[in-house]
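The values are calculated or read from the model by the stated rules, or taken from the named source; none is laboratory data. The structure displayed is predicted, hence computed values, not measured ones. Cβ placement follows ideal geometry from the backbone for every residue including glycine, while neighbour counts extend to all protein chains displayed. Accessible surface is based on the protein model in full, side chains and every heavy atom, while ligands, DNA and RNA are left aside. Shrake-Rupley method; radii C 1.70, N 1.55, O 1.52, S 1.80 Å.
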Amino acid sequence: MMETNPLSGFPMMAGMPAETLEAIARQAEIKAFEAGSVLFEEGDLATDLYGLMEGEVELSILFRDRVLKADVRHEEYVHKRVEIIETELVFETLEPGEIFAWSALIPPHQLTSTARCTASTRVMALPAEALTGLFERAPQAGMVFMQRLAEVIAQRLRLRTDKLIESWYQAFGDERL
């Protein structure tokens, strides 16, 4: 009995020709991670597109805020310094069937978030170079894939923007919006 292609569980791949899915699957590597593992960090070079098969992954960005600190030690002596306070902001929790690390396919190939497993997780790592080559040979499949990828990117941008606005509102209220 023939085993089902694991890519068929990803909505991004729905309706793609079986031979295209098989060609992609041949290039893929299944990786397992424990809860708490960091798959990648914001700013890293992206080489693989990931598909979440099992588990849960949080996507986050690091918010850096500069705070001016002043220590008054004597009447005429003030010591000033700038501290950078870093806060992690989780903007999306991914579930099986979703893809992430899309930066692997879009220049400059720099990851725009950090991905952390919140449970034992299995992902399918798809090398961007192999995907690009395949889509050059099968442009129709590449076009469909890239259109779906654009939808994912747009959705993530909306979620991220909403989360940032919500955080800003919680921190500063109406007066600074």
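In this structure, does residue 150 turn out to be touching an Asp or Glu at 6+ places or on another chain (Cβ under 9 Å) and small (Gly, Ala, Ser)? The answer is no for residue 150. Within segment 19-60, the residues that satisfy the criterion of being farther than 14 Å from residue 134 by Cβ and not in a strand (DSSP E or B) are 34, 35, 36, 37, 41, 42, 43, 44, 46, 47, 55, 56. Looking across segment 18-54, the residues that are among the polar types (S, T, N, Q) and open to solvent by 80 Å² or more (accessible area, probe 1.4 Å) come down to 27, 47.
Of the residues 104, 150, 141, 115, only one is assigned to a helix (DSSP H, G or I) and closer than 17 Å to residue 43 by Cβ; which? Break it down stepwise before answering.
On the way: 150 fails: closer than 17 Å to residue 43 by Cβ; 141 fails: closer than 17 Å to residue 43 by Cβ; 115 fails: assigned to a helix (DSSP H, G or I).
Exactly one residue qualifies, and that residue is 104.
All conditions but one from (1) within 14 Å of the chain's Cα centre (by Cα); (2) part of a loop (DSSP other than H, G, I, E, B) apply to residue 93; the one that does not is (2).
Scanning segment 136-173 for residues that are open to solvent by 20 Å² or more (accessible area, probe 1.4 Å), closer than 30 Å to residue 30 by Cβ and over 22 Å from the mean Cα position of the chain (by Cα) turns up 136, 137, 138, 139, 140. Scanning segment 104-125 for residues that are under 21 Å from residue 6 (Cβ atoms) and open to solvent by 10 Å² or more (accessible area, probe 1.4 Å) yields 105, 119, 120, 122. Residues in segment 107-128 that are closer than 20 Å to residue 10 by Cα and touching a helix residue (DSSP H, G or I) at 6+ places or on another chain (Cβ under 9 Å): 124, 126, 127, 128.
Being over 20 Å from residue 130 (Cα atoms) and more than 16 Å from the chain's Cα centre (by Cα) is a property that residue 87 has.
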